[in-house]
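Everything on this sheet refers to the single structure shown next.
The values are calculated or read from the model by the stated rules, or taken from the named source; none is laboratory data. The shown structure was predicted, so the numbers you read here are calculated from the model rather than taken from an experiment. A quick note on method: Cβ atoms are made from the backbone with ideal geometry, for glycine too, and the neighbour counts reach across all protein chains shown. For the accessible areas, the whole protein counts, side chains as well, though only heavy atoms, and no ligand, DNA or RNA atoms are used. Shrake-Rupley method; radii C 1.70, N 1.55, O 1.52, S 1.80 Å.
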Amino acid sequence: MYKEEHEVGVLGVPQNPAPVMATMIQIPTETSVPDHIVWSLFNSLFMNWFCLGFVAFAYSVKSRDRKMVGDITGAQSYASTAKCLNVWALVLGILGTIGGIVLLVFLYITANHIASQIAENNGGY
């Protein structure tokens, strides 16, 4: 038996071990800031009531630029503004589309009613 093996065998496990210290390494994760650029592009192309979609697109681009520079707070601010503008553009676009359809139906019914009255008064000619 070697001397080191004998000493380990005689000593055994330490009776009062010191507390085990753990080392924790915190790696900063990249904060995900949505820039809503696709939604802004959709709103600027299809539902651009009062140019809100275009303004939202500009704020989305600013948000993406701030994120690339590393200014997370600025990126979140611009992204929040872009999201608000996108919501308003979408709501106004849907209401405007529904209103336009209702107006066209109303105009068609009115024109049809007027045409039928003219046809009755003129005897069909």
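At a Förster distance of 22 Å, what's the computed FRET efficiency of Ser77 paired with Ser32, Cβ-Cβ distance as r, to 0.05?
0.90
Of Ser44, Ser116, Ser80, the residue with the largest accessible area leads and the full order is Ser80, Ser116, Ser44 (1.4 Å probe). Ordering 91-100, 49-58, 70-79 by mean Cβ neighbour count within 10 Å, with the highest value first, yields 49-58, 70-79, 91-100. With 0.36 nm allotted per residue and the present C-alpha distance subtracted, the Ile98-His113 stretch has 3.1 nm of extension available.
Size of the range 51-125: Rg and Dmax of its alpha carbons, in Å, are 23.9, 78.
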